[in-house]
1. Which of A:Asn286, A:Asn215, A:Asn157 moves most in a GNM of chain A, Cα contacts under 10 Å?
2. Hey, what number do you get for the protein assembly as shown at 222 nm if only DSSP H runs of n ≥ 4 count, each worth -39500 (n - 2.57), divided across all residues, to the nearest 500?
3. For the pair A:Lys17/A:Glu307, report the inter-label distance in nm, with labels modelled 7 Å from Cα in the Cβ direction.
4. Could you work out how far helix A:216-226 tilts from the main Cα principal axis of chain A, as a 0 to 90 degree angle to the nearest 10?
5. Counting DSSP beta bridges in the protein assembly as shown, what percent are antiparallel, to the nearest 5?
6. Nearest 20 debye, what's the magnitude of the dipole of the range A:173-324 about its Cα centre given +1 on Lys and Arg Cβ and -1 on Asp and Glu Cβ?
7. Find the relative contact order for the range A:279-324 and round it to a whole percent, using C-alpha pairs within less than 8 Å whose residues are 6+ positions apart.
8. Taking only Cα atoms, what is the 0 to 90° angle, nearest 10, from helix A:18-33's long axis to the longest principal axis of chain A?
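Bear in mind these aren't lab numbers, they're just calculated from the coordinates by the rules spelled out. From a predicted model like this one, the values you see are computed outputs, not experimental measurements. Heads up, the Cβs are rebuilt from the backbone with ideal geometry, glycines too, and the neighbour counts pull from every protein chain shown.
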Amino acid sequence: MPVVLAVTEQRDGVLRKVSLEVLTAARRLADQLGATVDAAVCGSAAVSGAETLGRFGADRVLSAMHPDFVRYHPDGEAATIAAAARSAVAVVFAATATGRDLAPRVAARLGVGLATDVTEFGAEAGKVVVTRPVYAGKALLRLRLDGSPAVLSIRPNTVQPAEAVRPGAAVTTPVPEFTARVTVTGIKAPAVAALDVAEAPIVVSGGRGLKGPENFKLLEDLAAALGSAAVGASRAVVDAGWRDHGAQVGQTGKTVSPSLYIAVGISGAIQHLAGMRTARTIVAINRDKDAPIFKVADYGIVGDLFEVVPRLAAEIRRLRGEML
Amino acid sequence: MRIAVCLKRVPDTTTKILIGADGKSIDESGVKFVPNPYDEYALEEALKLKEAAGSGETVVYCLGGDAAQETIRTALAMGFDRGVLLQAAPTADGFEVAKALAADLKDGGFDLILFGKLAVDDYNHQVGVMVAELLERPCITAVSHLVVAGTAVTAEREIEGGIETVTASLPAVLSCEKGLNTPRLPSLKGIMAAKKKPLELKPVSLGAGSVTVLGLALPPERKPGQIVGEGPDAVPALVRLLREDAGVI
Ligand SMILES: Cc1cc2nc3c(=O)[nH]c(=O)nc-3n(C[C@H](O)[C@H](O)[C@H](O)COP(=O)(O)OP(=O)(O)OC[C@H]3O[C@@H](n4cnc5c(N)ncnc54)[C@H](O)[C@@H]3O)c2cc1C
Ligand SMILES: Nc1ncnc2c1ncn2[C@@H]1O[C@H](COP(=O)(O)O)[C@@H](O)[C@H]1O
């Protein structure tokens, strides 16, 4: 039976949530291709969370353990995944910082093309067909992947993890000989461990309308009220030094596809829209009723953010309180 | 220090995109083209490294149509020594582009080959890494901070919720991210000098590849949104819509 390989990610020995999205995508493709799913896990010791992979559609969990895999190991993992992928019909990555680094290494080693940042996918006549945003989301490109295997990466948050219980049989997979050409020597974590905008299911972003860095506490409070939310920013405020570049959404920042994006005091310049227009639901809060952000927003409130945002946080807290 | 930069000619990001008659590419009439913004960080870094080394050569490579000569001239005006245009139409299959670039870069004796993190037209995020794999060179992607000391390379790259430090040694391949530097603007003198710098034209043919374009389309219009109301009094209605209609909270 043909195999679809799902390439999972872990950090510090813990499976990353995006892995379940990758696995769900792989399962869906496998069902259409009449294939089984292998989920590959690279690590230096047992990865916590790997035991849930069966629940999300893995027929087998291939665990590739190597002492050097304590952190992401570009060359070693590329060699391992390429070896595991050689007989696969499709290989699915996440379009994360790691996946964007790893997927082209694997595709090149396999000698096939690669479709990155895919937002829709399926099988037609036994081939993988994908859609991916290009030109900063201003157009959608439909591609057929004729390579064997088809190699693709899925944009985070575009697939909802879905349960599809399979055996999830644990199998040890060998790590082939590899040459370590680069070494990840460490990870600097930010002072406060915050959800990354590229992966958060809800993003609350602020722009120049916030008037100063201190006022971002309004957005942090709104994010806390919503739960599982990250605070993003426009380039104007990142360039002004109010927020870190890692929070920037847009053309030269991150591309986000959360289920809810709330733009506060952001005008909606084309380069900002490039990073967030694929969000499922967009809310805009701006005092200028003609701001371009209202053209892409599903819901808008015209008003002073300093009045609207605290009220919104309070209302959401009240609602969530009722739901508990 | 010998450094090559791969530079792509792309539509300006503010350009309105229209679909061409073939339904598979954009209508290029009236589109303004610019050097890929991420590649400008690569260009600047190459010039800085050569200046710091005190000697060497900077070469800009572009794979594209004849109009890309103009893009190469921009790099020459910034201070690059020479340019190479691999004449071919870039395809959707980044691996084919990578193979053509790698074939020419292979024997260039470069200590460093720099790329942009991604091309803002195709968003492929792949050509630099693939070139590195084909040349069997170390590769660090999305570099936002770089130190080269002798042959030791130390780079930082942003990952979700942190910054990774990665080390390698020359010769190496890097892809450049915003934050690495502030690209210089060509000076008038540079623009004049660029006209006399060597620009080699080399026809290449790309393989058919394994990625077939089925179609290019404009994204579906978002269904028209609504202004829920004005000021804080509109908040309860917004919350209700988010919960009941959109189901997102
Ligand atoms: C090559 C290039 C790349 C770029 N990349 C990016 C990118 O990645 N991301 C990005 O965001 N931008 C990017 N930009 C910049 C972009 O063009 C805009 O300049 C930027 O997005 C504007 O940020 P802003 O919306 O915060 O500020 P502004 O455009 O100044 O908008 C501020 C908004 O706040 C509103 N406002 C003010 N006070 C209040 C109040 N009290 N209550 C409610 N609303 C209020 C105003 O009505 C206005 O609409 C890029 C530009 C270029 C040229
Ligand atoms: N046609 C091209 N000519 C020269 N360099 C290119 C070309 N296409 C891509 N590149 C380089 O590869 C990087 C990544 O591009 P991509 O993989 O297409 O997103 C770009 O930033 C360029 O440095």
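1. Of A:Asn286, A:Asn215, A:Asn157, the Gaussian network model singles out A:Asn215 as fluctuating most.
2. Details: 14 runs with 150 residues, N = 573.
The helix contribution divided over the protein assembly as shown gives -8000 deg cm²/dmol.
3. If labels sit at A:Lys17 and A:Glu307, their model points lie 3.4 nm apart.
4. In chain A, helix A:216-226 runs at an angle near 60 degrees to the longest axis.
5. Values: 43 of 121 bridges.
For the protein assembly as shown, the DSSP antiparallel bridge percentage is about 35.
6. Details: 17 positive and 15 negative charges, 29 e Å.
In total the dipole reaches around 140 debye.
7. Working: 37 pairs, mean separation 15.6, N = 46.
Over the range A:279-324, the number comes to 34 percent.
8. Tilt relative to chain A: about 60 degrees.
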